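Below is one structure, written out as structure tokens, with a few remarks after it.
The values are calculated or read from the model by the stated rules, or taken from the named source; none is laboratory data. Because the structure is predicted, anything quoted here is derived from the model rather than measured. Cβ coordinates were reconstructed from backbone atoms using ideal geometry, including for glycine residues, and neighbour counts include every protein chain displayed.
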């Protein structure tokens, strides 16, 4: 089956990035959110990011204009029903995702493929609550979507080969690389990355180093482009905590216990860049470590 129309649920950081790359590759995109402000902000972000690509001679002005023209928005979730492929990129909470799929089900075409951009939640469990577990899979983009090369494709226990191949064709058409992962907590990237971030927070919590020394050590000592605490702020500390909880609950191993300091920052509402404070304070001209 050839996919031509794509529905994107959620206009946040991931959703607008997904809409951007899909429209640029020639797909017609319909993006939905519960807030008109979020949709307007998403379109402005996509426009700005495409303009940056034009200024760097990555794409032509015509290509940018055509991509923007392919993106439509709606506040009505069920308008996405006729899409060939739906990518859910809402908050990383299972109850929210389940409610979205439940609302969509009566409006879907028989051939519609449902996918989730979840970074850690069980695809098999999400799929089992729908009427098409064989046409359901994980479609996990990395952040920022227009820049990052990898997409994790996660098959649930019921996902059929045809669905996998249709999603793989989309990944290839948008010029990215697919990595196939089995449906176990946090898949590949976050199974490895999040415990490293959590360990960096423990290193801070135990006073082994401060924010600056931990990040500099990993940047200069392990050649990482961003330090782990800077990266945690970029991802969102609430997202990091949610993934650590999924790992801890799903694998029942104490090595995945979230650091109490990570929990404390989330309780304070210091979630990183999106709230202007996390392991760094972003309210001034340059980020200042908060510990």
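Details
- Among the residues of region 167-188, those identified as touching a residue at least 40 places away in the same chain (Cβ under 8 Å) and out of contact with any strand residue (DSSP E or B) (no Cβ under 6 Å at 6 or more places or on another chain) are 169, 170, 173, 174, 175, 184, 185, 186.
- Condition met for residue 50 (in the same structural domain as residue 141 (by TED's automatic domain parsing), at pLDDT 95 or above and in contact with a strand residue (DSSP E or B) (Cβ under 9 Å, 6 or more places away or on another chain)): no
- Taken together, 226, 218 contain a single residue that is free of Cβ contacts under 8 Å to residues at least 24 places away in the same chain and within 17 Å of residue 13 (Cβ to Cβ), which is 226.
- Listed by first and then second residue, the pairs with beta-carbon distance under 6 Å, at least 6 apart or on different chains, first residue in region 235-259 and surrounded by fewer than 15 Cβ atoms within 10 Å (Cβ to Cβ), second in a loop (DSSP other than H, G, I, E, B), are 251/185.
- Output for region 159-172, where each listed residue is in contact with a helix residue (DSSP H, G or I) (Cβ under 9 Å, 6 or more places away or on another chain) and surrounded by fewer than 17 Cβ atoms within 10 Å (Cβ to Cβ): 160, 162
- Residue within region 194-207 that is outside any helix (DSSP H, G or I) and touching a residue at least 24 places away in the same chain (Cβ under 8 Å) present: no
- Residue that is surrounded by 18 or more Cβ atoms within 10 Å (Cβ to Cβ), touching a helix residue (DSSP H, G or I) at 6+ places or on another chain (Cβ under 8 Å) and either modelled with pLDDT of 95 or more or assigned by TED's automatic domain parsing to the domain that holds residue 22 (or both), where the choices are 112, 78, 74: 112
- Residue 61, sole failed condition from (1) over 29 Å from residue 161 (Cβ atoms); (2) touching a helix residue (DSSP H, G or I) at 6+ places or on another chain (Cβ under 7 Å); (3) touching a residue at least 24 places away in the same chain (Cβ under 8 Å): (3)
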